[in-house]
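*Asks:* Pasting a structure below so you can have a look.
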Amino acid sequence: MSPKSIRWGLLSTARINERLIPVIQDGARSELLAVASGSGQDKAARYATQWHIPRAYGSYEALLADPEVDVVYLSLPNALHAPWAIRAAEAGKHILCEKPLALTATEVDHMAAAAQRHGVLLQEAVMMRYHQQTIELQQRVASGAIGEVRLIRGLFTFTLDRPGDIRLNPALGGGSIWDLGSYPVSFMRAMLGAEPVEVQGWQTSGEGGVDLSFAGQLRFASGAQTQFFSSFQAVPQANAELIGSTGTIHLDLPYVNQVGVTSKVRISRLQSNRSSGTFGDASSQLEEETLTYENVNAYQAEVEAMVASVLKETEPVVSLADSRGNIAALEALCLSARENRPVRL
Ligand SMILES: NC(=O)c1ccc[n+]([C@@H]2O[C@H](COP(=O)([O-])OP(=O)(O)OC[C@H]3O[C@@H](n4cnc5c(N)ncnc54)[C@H](OP(=O)(O)O)[C@@H]3O)[C@@H](O)[C@H]2O)c1
């Protein structure tokens, strides 16, 4: 590994690659060296030509055997994250693995153990967590911007009308909670800087048992409560709101997966020199602040953060303990929905 340039390999030809390819190719310290397709050499070669990638491999194993690949970007279906992250670690590759990192906390433990054993870095590509908006808001909330957080609500929905999509396949880790709900749950845990102590979930199931819609509630030891809704059966929507003892925060694009858009965070706080209203009439005493993020590319921030961590310049933005906490919460929510009971963590 040259200290100035990290050489990347793409493990699959997934659609999400299209967000990462330009930022790896344009990265000052990154080089996109190879792509592998599990569907054979022809598909890999066509893809490599289309995206100007120098090396094409017709199997994931072949890419992992390339000694010049330093980091793999693992964009396989959710159920294949754990097995291929472990294979990549065994081949001595650092791994930027798509979200959700795995489907059980036990899988995360096996992935973390393999990464440690082979001295490689494993980090979850949950791009929202690398976005300046999320990182700044985490700091503001932790320093009391809205007092004690009482409630966080978030939803993430779209209409999934691609038959055969990996998101509808139970064997591949499908379901709206894994695809979409994983974002609000990660966001809420990040804002509270804590793990839930109890969760309850309800799902609307589709064919094969994947959830098409999921509603969840999480309780934290501080007394904070959070609620989220994810769905493949609704108009595209994404928002989040935090209600605190002294203010509120509203995000119009909390999970910031669109490149080049402007996102806004509106913070309202009780004016410190005014007494609070008795019957919810204190809104006239709120002072407003709007934070605006223009043209931030969270995928670029994610790639740069991965490079800096591989080069041991910075700690990972998303630690494995953090990713494990998310997967444990999601796993507990699924168990709760299956057994129709609250689940303690
Ligand atoms: N961070 C984000 O913004 C974001 C956005 C979307 C998705 N994601 C995540 O990225 C991952 C991929 O999602 P995607 O929508 O991009 O996937 P996709 O377009 O459906 O591609 C998945 C790829 O995995 C490979 N694959 C291997 N086994 C497969 C199987 N049994 N069935 C289908 N494909 C198989 C295929 O590539 P080859 O045949 O070439 O090997 C396929 O192209 C998921 O984990 C998802 O959660 C993240």
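The values are calculated or read from the model by the stated rules, or taken from the named source; none is laboratory data. In this text, all values refer to a predicted model and were calculated from it rather than measured experimentally. In this analysis, Cβ positions are derived from the backbone assuming ideal geometry, glycine residues included, and neighbour counts consider all displayed protein chains. The protein model used for the area step is the full one, side chains on, heavy atoms only, and it has no ligands, DNA or RNA in it. Shrake-Rupley method; radii C 1.70, N 1.55, O 1.52, S 1.80 Å.
*Asks:* Please enumerate the residues belonging to the range 52-64 that are under 27 Å from the mean Cα position of the chain (by Cα) and surrounded by fewer than 17 Cβ atoms within 10 Å (Cβ to Cβ).
*Replies:* SER59, GLU61, listed by residue number.
*Asks:* State yes or no: is TRP51 more than 14 Å from the ligand (Cβ to nearest atom) and aromatic (Phe, Trp, Tyr)?
*Replies:* When the stated conditions are applied, TRP51 does not pass them.
*Asks:* I'd like the residue in the range 165-209 that is among the β-branched types (Val, Ile, Thr) and open to solvent by 10 Å² or more (accessible area, probe 1.4 Å) and, out of all such residues, is nearest to the ligand (Cβ to nearest atom).
*Replies:* Filtering first and then ranking leaves ILE166.
*Asks:* Exactly one condition in (1) in a helix (DSSP H, G or I); (2) out of contact with any Lys or Arg (no Cβ under 9 Å at 6 or more places or on another chain); (3) away from the ligand (no atom under 12 Å from the Cβ) is not met by LEU151; state its number.
*Replies:* Here LEU151 clears every test but (1).
*Asks:* Could you list, in sequence order, all residues of the range 83-98 that are touching a residue at least 60 places away in the same chain (Cβ under 8 Å), of a type outside the set (Lys, Arg) and more than 10 Å from the ligand (Cβ to nearest atom)?
*Replies:* Within the range 83-98, ALA88, HIS94, LEU96 qualify.
Residue-by-condition table, conditions (1) more than 15 Å from the chain's Cα centre (by Cα); (2) among the charged types (D, E, K, R); (3) closer than 30 Å to GLN233 by Cα; (4) in a strand (DSSP E or B):
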position	(1), (2), (3), (4)
ASP66	yes, yes, no, no
ASP109	yes, yes, no, no
MET128	no, no, yes, no
PHE156	no, no, yes, yes
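*Asks:* Now for a different question. Select from the range 108-147 the residues that are on the phi > 0 side of the Ramachandran plot and either in the same structural domain as THR262 (by TED's automatic domain parsing) or within 16 Å of the ligand (Cβ to nearest atom) (or both) and list them in ascending order.
*Replies:* Looking only at the range 108-147, we keep the residues that are on the phi > 0 side of the Ramachandran plot, and these are 119, 144, 147.
The answer is GLY144, GLY147.
*Asks:* Among the numbered conditions (1) at pLDDT 95 or above; (2) within 15 Å of the ligand (Cβ to nearest atom); (3) out of contact with any helix residue (DSSP H, G or I) (no Cβ under 9 Å at 6 or more places or on another chain), tell me where ASP161 comes up short.
*Replies:* The one condition ASP161 does not meet is (1).
*Asks:* Only one of these is open to solvent by less than 10 Å² (accessible area, probe 1.4 Å) and within 12 Å of the ligand (Cβ to nearest atom): LEU80, LEU101. Name it.
*Replies:* Selected residue: LEU101, the only one of LEU80, LEU101 that is open to solvent by less than 10 Å² (accessible area, probe 1.4 Å) and within 12 Å of the ligand (Cβ to nearest atom).
*Asks:* May I ask you to list the residues in the range 129-143 that are open to solvent by 20 Å² or more (accessible area, probe 1.4 Å) and either in contact (Cβ under 8 Å) with a residue 24 or more places away in the chain or closer than 15 Å to PHE187 by Cα (or both)?
*Replies:* Within the range 129-143, GLN132, ILE135, GLU136, GLN138, GLN139, ARG140, ALA142 meet the criteria.
*Asks:* Which pairs have Cβ atoms under 9 Å, sit 6 or more apart or on different chains, and link a residue in the range 151-162 that is closer than 28 Å to ALA221 by Cα to one that is among the acidic types (Asp, Glu)?
*Replies:* Hits for this filter: LEU151/GLU241; ILE152/GLU241; ARG153/GLU241; GLY154/GLU241; PHE156/ASP179.
*Asks:* Determine whether the range 66-73 contains at least one residue that is over 26 Å from VAL318 (Cα atoms) and either buried (at least 16 other Cβ atoms within 10 Å of the Cβ) or free of Cβ contacts under 8 Å to residues at least 12 places away in the same chain (or both).
*Replies:* Checking the range 66-73: at least one residue is over 26 Å from VAL318 (Cα atoms) and either buried (at least 16 other Cβ atoms within 10 Å of the Cβ) or free of Cβ contacts under 8 Å to residues at least 12 places away in the same chain (or both).
*Asks:* Same structure, new question: Part of a helix (DSSP H, G or I) and either modelled with pLDDT of 95 or more or in contact with a Lys or Arg (Cβ under 9 Å, 6 or more places away or on another chain) (or both): does that describe GLU61?
*Replies:* The answer is yes for GLU61.
*Asks:* In the range 304-326, what residues are of a type in the set (A, V, I, L, M, F, W, C) and either assigned by TED's automatic domain parsing to the domain that holds VAL72 or outside any helix (DSSP H, G or I) (or both)? Quick ask: steps written out before the conclusion?
*Replies:* Here is the first cut: in the range 304-326, the ones of a type in the set (A, V, I, L, M, F, W, C) are 305-308, 310-311, 317-318, 320-321.
Once the filter is applied, which keeps residues that are of a type in the set (A, V, I, L, M, F, W, C) and either assigned by TED's automatic domain parsing to the domain that holds VAL72 or outside any helix (DSSP H, G or I) (or both), the range 304-326 yields LEU311, VAL317, VAL318.
*Asks:* Now a separate question. Residue under question is GLY58, and the condition is that it be within 21 Å of GLU304 (Cα to Cα) and not β-branched (Val, Ile, Thr); does it hold? Steps first, answer last, please.
*Replies:* Values: within 21 Å of GLU304 (Cα to Cα): no; not β-branched (Val, Ile, Thr): yes.
Here the answer is no, as GLY58 does not meet what is asked.
*Asks:* Additional query: For the subset of the range 16-48 comprising residues that are among the β-branched types (Val, Ile, Thr) and open to solvent by less than 10 Å² (accessible area, probe 1.4 Å), which member is farthest from the ligand (Cβ to nearest atom)?
*Replies:* ILE24
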